[in-house]
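Trainee: Below you will find the structure I want to go over with you.
The values are calculated or read from the model by the stated rules, or taken from the named source; none is laboratory data. As the structure is a prediction and not an experimental result, all values here were calculated from the model. Note that each Cβ is placed from the backbone with ideal geometry, even for glycine, and that neighbours are counted across all protein chains shown.
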Amino acid sequence: MLAGAVLPAILLLMKPEALLYSTPKGLYCERGDFYIDPVQPVDRALITHGHADHARSGHARVLATRETLDIMGIRYGENFCGSAQSITLGESLSLGGVEVSFHPAGHVLGSAQILVEAEGTRIVASGDYKRRRDPTCLPFEPIPCDVFITEATFALPVFHHPDDKGEIIKLLTSLTQFPERAHLVGAYALGKAQRVIALLRETGYHAPIYIHGALAKLCTYYEERGVALGDLRPATIDNSDRQSFAGAVVIGPPSAFADRWARRFPDPVAIFASGWMLVRQRAKQRGVELPMIISDHCDWPELLATINEIAPSQVWVTHGREEALVRWCELQGIPARPLHLIGYEDEGD
Ligand SMILES: [Zn+2]
């Protein structure tokens, strides 16, 4: 055999830490000269999804799915970046010799994991993701890789999210029990609100659902992208029509619940749809009467199942409870480390 004709594959691999590493601006790929979900304005940003902590305005160039770009446009205005380029899921693009491709993350409409590949080394930055069925977005797709970068929002063994259907039934039951009260559901404007509406519709609830003005554009956009939300009406109220909201479902962003807006409804039932509603103390602090545990993130068993399924050689853990998941990986014999990225306070949970 000729010397050097067949090099052991290991010598050809690029060290993952050289391909992608943490900087104060976010995850950086030096070879391709791009950042993933940077928290400060950069020359080139690849964006996983439209939540405000991942998708910021002011970058010179942005590469993302069509939906994420549209959502950024809706939230920040058309001039949210210098130039925007859309990428189709599964399509591969070369940036300075680094191959990048986007794959469904199952988190919100348009959300994607980003696969970064060079010299045989594959890293998947999954952004935020979940494994449950969600009628408003494509399901998470496991992508084989050497390094899987996972979020850790609910990465503690105590976090087991119940079945979504049961949580929706709680709301339906309350509507039957308290037909004279308005049911005010706090839900994040991107993803959660539309998911709660779609889940309600799946149970056969076809009455009008009233939405706060902050949700209107995003709900319209979801409908344009084929997510049916049924009869939605503006939740604007004056004193003459207070009673028309008796027994109605009203959805607004959590921030609106401290406003005068919320106090105008007749004897409202305060509801909040969030993974954090599993923590009784949080529900109590917010004055939530009916907590609905519906999360757009993985719970602990789903995080472990995903890592087992992908079987990466390394796991990097970011935003959330990094230590517990790193420790679990080590106990399984999977090298793992926290990325210590800063600036991600998840907007949707
Ligand atoms: Zn998110």
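Trainee: Given the condition in contact (Cβ under 8 Å) with a residue 40 or more places away in the chain and assigned to a strand (DSSP E or B), answer yes or no: does some residue in the stretch 52-69 qualify?
Mentor: The answer is yes; a qualifying residue exists.
Trainee: Restricting attention to the stretch 79-132, which residues are small (Gly, Ala, Ser), within 16 Å of the ligand (Cβ to nearest atom) and not in a strand (DSSP E or B)?
Mentor: Ala105, Gly106, Gly110, Ser111, Ser126, Gly127, listed by residue number.
Trainee: Tell me, please, whether a residue that is on the phi > 0 side of the Ramachandran plot, within 16 Å of the ligand (Cβ to nearest atom) and assigned to a loop (DSSP other than H, G, I, E, B) can be found in the stretch 242-257.
Mentor: no
Trainee: Tally the residues that are in a loop (DSSP other than H, G, I, E, B) and within 16 Å of the ligand (Cβ to nearest atom), restricting the search to the stretch 290-320.
Mentor: Taking the stretch 290-320 and keeping what is in a loop (DSSP other than H, G, I, E, B), we get 293-299, 311-313.
Add one more test, that the residue is within 16 Å of the ligand (Cβ to nearest atom), and what stays is 294-299.
The qualifying residues number 6.
Trainee: Just wondering, is there one or more residues in the stretch 16-26 that are farther than 29 Å from Leu138 by Cα, away from the ligand (no atom under 16 Å from the Cβ) and in contact (Cβ under 8 Å) with a residue 40 or more places away in the chain?
Mentor: Scanning the stretch 16-26 turns up at least one residue that is farther than 29 Å from Leu138 by Cα, away from the ligand (no atom under 16 Å from the Cβ) and in contact (Cβ under 8 Å) with a residue 40 or more places away in the chain.
Trainee: Go through the stretch 121-139 and give me each residue that's out of contact with any helix residue (DSSP H, G or I) (no Cβ under 7 Å at 6 or more places or on another chain) and more than 21 Å from Cys329 (Cα to Cα).
Mentor: Arg133, Cys137, Leu138, Pro139 - these are the residues of the stretch 121-139 that are out of contact with any helix residue (DSSP H, G or I) (no Cβ under 7 Å at 6 or more places or on another chain) and more than 21 Å from Cys329 (Cα to Cα).
Trainee: Okay, next question. If we scan the stretch 167-178, do we find a residue that is under 19 Å from Ala105 (Cα atoms), buried (at least 21 other Cβ atoms within 10 Å of the Cβ) and at pLDDT 95 or above? Can you show your working first?
Mentor: Filtering the stretch 167-178 for residues under 19 Å from Ala105 (Cα atoms) gives none.
No - not one qualifying residue is present in the stretch 167-178.
Trainee: Turning to a different aspect of this structure: Suppose we filter the stretch 138-166 for residues that are part of a loop (DSSP other than H, G, I, E, B) and buried (at least 20 other Cβ atoms within 10 Å of the Cβ); how many remain?
Mentor: Matching residues across the stretch 138-166 total 7.
Trainee: So which residues in the stretch 322-349 are within 16 Å of the ligand (Cβ to nearest atom) and either among the charged types (D, E, K, R) or under 16 Å from Met277 (Cα atoms) (or both), if there are any at all?
Mentor: Glu345, Asp346, Glu347, Gly348, Asp349
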